[in-house]
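Working notes, beginning with the structure itself.
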Amino acid sequence: MFLQKTLSLSDVDLKVDGERATFAGYASVFGGVDSYGDTIIKGAFDSTLRKFGKPKMFFNHEWNMPVGKYTVAKEDDHGLYVEGELTPGHSLAADVYAAMKHGTVDGLSIGGFLKEGDYEVTADGGRLIRKWSKLMEVSPVVFPADNAARVGTVKRLDFEELLPTCKKPSDLEKLLRDAGLTKWEATAIVSRANAIFSGSDSPDDAEAKALAELAARLEKFGALQPA
C-alpha cells in the first residue's frame, strides 16, 4: 500500500547558504495523532533508511524530476530529521524556493509504502504505524494533509549582528536553534563556549577562541556562510 502523509512538524526553517537554498527540520514527528487518526512510532523509519538510504525530493509528489536532494535523513528521539538542498540552476527548484520563501508553499509531506504487519488498526479507526517498508520521498507541498504541518520562515541569520546581543547562555542557544541546529548541537556548542570562557586565558584570547570555534561549527552545519 502506497501512502502519502503530512504530519506535524517542529523547528523547521529554510535558510540560505551562499548560492544554495537549504532547509532542515523534522519531516515526521513521533507519537502525535494526525488528521487521519494515525500515529507513527519511534523506529518506524530505521529499517528503510538503513536499507534504501535517503528519500528523494519532489514537488507535490510529482515523480518526474527531483527538485533537490536530502543530505541528511535520520531518526532521533523526536522524529524523522532531514536536511535538504534545492538544486541550483533548476528552474522548478528555483520556483519552489521562491514560493517557500514567500510562504505560498509551506507544507512538507512524506510518501512511501506500508505492508501488512507494518501497522495495526486502532479502536477509533486510525493506524499505529510501527514501520515504513520503504520511504520513497519527502515533498514540499501546497496543500498538506495536516493543517499544522507547515514549513517555517525563510531566513539567513546575520551572526555578526546577532552574536553581540547574546547576554547569557540561553540567548546563544536560542540563536543557534533559530539557525537550524538541533537542541543537542546548540547545547554542545554553548557548553564548549562556556568552557573556553571559563578557562585561564585572557578575556580577549578566550573570546577570540570561542568565536572562532562557533564560526567553525556553524560553518560545518551550514548555518553560516564563509566570507
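Restricting attention to the range 1-48, the residues that are open to solvent by 50 Å² or more (accessible area, probe 1.4 Å), at pLDDT below 65 and at positive phi add up to 1.
Among the conditions (1) among the acidic types (Asp, Glu); (2) out of contact with any strand residue (DSSP E or B) (no Cβ under 8 Å at 6 or more places or on another chain); (3) outside any loop (DSSP other than H, G, I, E, B), the only one that Asp77 does not satisfy is (3). Taking every residue in the range 41-69 that is free of Cβ contacts under 8 Å to residues at least 24 places away in the same chain and under 15 Å from Leu86 (Cβ atoms) and pairing it with any residue that is open to solvent by 40 Å² or more (accessible area, probe 1.4 Å) and of a type in the set (D, E, K, R), at least 6 positions away or on another chain, the pairs with Cβ-Cβ distances below 6 Å are Pro66/Lys56.
Output yes when any residue across the range 76-95 is open to solvent by less than 20 Å² (accessible area, probe 1.4 Å) and over 18 Å from Gly25 (Cα atoms), and no when none is. Write out each step before concluding.
Start the filter on the range 76-95 by keeping residues that are open to solvent by less than 20 Å² (accessible area, probe 1.4 Å), which leaves 79-82, 84, 86, 93.
Now drop any that are not over 18 Å from Gly25 (Cα atoms), which leaves 93.
Yes, the range 76-95 contains at least one residue that is open to solvent by less than 20 Å² (accessible area, probe 1.4 Å) and over 18 Å from Gly25 (Cα atoms).
Being among the hydroxyl-bearing types (Ser, Thr, Tyr) and assigned to a strand (DSSP E or B) is the filter here, so list the residues in the range 110-135 that pass it. The one that is among the hydroxyl-bearing types (Ser, Thr, Tyr) and assigned to a strand (DSSP E or B): Tyr119. Checked against (1) at pLDDT 95 or above; (2) in a helix (DSSP H, G or I), Lys54 passes all but condition (2).
Among residues of the range 119-134 being at pLDDT 90 or above and open to solvent by less than 10 Å² (accessible area, probe 1.4 Å), the one that is farthest from Val29 (Cα to Cα) is Trp132. Only one of the numbered conditions (1) under 27 Å from Asp38 (Cα atoms); (2) open to solvent by 10 Å² or more (accessible area, probe 1.4 Å) is not met by Leu114, and that is (2).
Return the residue satisfying two criteria in turn: it lies in the range 80-100 and is aliphatic (A, V, I, L, M) and not in a helix (DSSP H, G or I), and of such residues it is farthest from the chain's Cα centre (by Cα).
Step one: filter the range 80-100 for residues aliphatic (A, V, I, L, M), giving 80, 82, 86, 92-94, 96, 98-100.
Still in the running and not in a helix (DSSP H, G or I): 80, 82, 86.
Working: Leu80: 8, Val82: 4, Leu86: 13 Å.
Among them, the one singled out is Leu86.
The values are calculated or read from the model by the stated rules, or taken from the named source; none is laboratory data. This one's a predicted model, so the numbers in the text were calculated from it and none came from an experiment. No Cβ is skipped: glycine too gets one built from the backbone with ideal geometry, and neighbour counts run over all protein chains shown. Remember, those area values only see protein heavy atoms, side chains included, never the ligands or the DNA or RNA. Shrake-Rupley method; radii C 1.70, N 1.55, O 1.52, S 1.80 Å.
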